[in-house]
Amino acid sequence: AYYTMAALKLTVWWKKYLTQLQIVQFVIDIGACVYASTHEPVISFVGLGSLGRKKCNGTVAGAFSGVGIIFSYLVLFIIFYVQAYR
């Protein structure tokens, strides 16, 4: 909805709040990625425990890459927020 309204040159009064929510989302994503990469997931309640896998996590390199990418987005959104809404 936001991009459509912005493309049509309509005033988006809630743009600042959308950016704030995106920043919060990135912080939550980083926390979830760190948690998931350091804890074995509990999967038996969905019936996946019968796969016989000892670990279902990704790799450490994947976790570092994911956190790095999300962290870079977080920094970019914070820079945008500070410049746009001082």
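Some notes on this structure:
- The set of residues in the stretch 1-14 that are assigned to a helix (DSSP H, G or I) and either open to solvent by less than 70 Å² (accessible area, probe 1.4 Å) or among the aromatic types (F, W, Y) (or both) comprises Y2, Y3, M5, A6.
- Residue tally, condition part of a loop (DSSP other than H, G, I, E, B) and at pLDDT 65 or above, over the stretch 24-48: 1
- Residues located in the stretch 49-62, provided they are in a helix (DSSP H, G or I) and either modelled with pLDDT of 65 or more or open to solvent by less than 70 Å² (accessible area, probe 1.4 Å) (or both): G49, V60, A61, G62
- Tabulated pairs, the stretch 63-86, first open to solvent by 90 Å² or more (accessible area, probe 1.4 Å), second not in a helix (DSSP H, G or I), C-beta under 8 angstrom, 6+ apart or interchain: none
The values are calculated or read from the model by the stated rules, or taken from the named source; none is laboratory data. Model, not experiment: these values are computed from the prediction. Virtual Cβ from ideal backbone geometry, glycine too; neighbours counted across all protein chains shown. Side chains are part of the model used for accessible areas, which takes the heavy atoms of the whole protein and leaves out ligands, DNA and RNA. Shrake-Rupley method; radii C 1.70, N 1.55, O 1.52, S 1.80 Å.
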